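First comes the structure, then the notes that go with it.
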Amino acid sequence: LGQGSRLLNEPLAGASRSNSAMNFASALIGNSQTDLLGQFLTHEPNRREMELTKSMIYAPHVDDMEKSRPYLPRNPYRTPEAFPTHPSPLFQKSAIFKSLPTDTLFFIFYYQQGTYQQYLAAKELKNQSWRYHKKYMTWFQRHEEPKVTTDDYEEGAYVYFDYETGWCQRIKGDFTFEYSYLEDEIL
């Protein structure tokens, strides 16, 4: 390594930076393998930049963190009659929501935002003892009776619906549910 460190510290006068790197590489790995390294260091700097630029296409973007919104076409296309263009009138009645599974109610709540169906799904979730937490924007249900209950909060084990990472119900032990974050609008 002595000769390599000398080459690093004392490049030849007038030699370019890539020539110094080539000399260093020759000292370390021998002349037989430096031809390929030489092409990489001297011949293709624009290609490296181009490859780096192309790889940035796949980098995460700030917009990737935003919650997806329902699709609203700007130029609606006329579809065959077999494809529904509007929600079924069946879903305008609250009675159908009583028979839907809980996962379906959560799907309607999170993916039909701002619709009457979202309202009906929320109403049925509340009927099933789910409580909406405004801070965490998710639904909670008591897993057992609270250990501590005050005028401002209750503490205990809760089941919550994890819509972001697993689309499943999880248990959170020793959770403090502050009433100020409880969505208490009468449905």
Label model pair ALA157, ASP103: point-to-point distance (7 angstrom along the Cα→beta-carbon line) in nm is 2.3 nm
In the stretch 70-181, how many lysine pairs have Cα atoms under 26 Å apart, counting only pairs 8 or more places apart or on different chains? 17
Summing Lys, Arg as +1 and Asp, Glu as -1, what charge do residues with Cβ under 12 Å from the Cβ of LYS98 carry, LYS98 excluded? +1
Would you mind classifying the stretch 136-181 by shape? Square roots of the alpha carbon gyration tensor eigenvalues, ordered a ≥ b ≥ c; an a/c under 1.5 is rounded, otherwise it is prolate if a/b is larger than b/c and oblate if not. oblate
How do 134-142, 85-93 rank on mean C-beta neighbours within 10 Å, highest first? 134-142, 85-93
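Every read-out reported here was derived from the displayed coordinates using simple, explicitly stated rules and does not represent laboratory data. The shown structure was predicted, so the numbers you read here are calculated from the model rather than taken from an experiment. In this analysis, Cβ positions are derived from the backbone assuming ideal geometry, glycine residues included, and neighbour counts consider all displayed protein chains.
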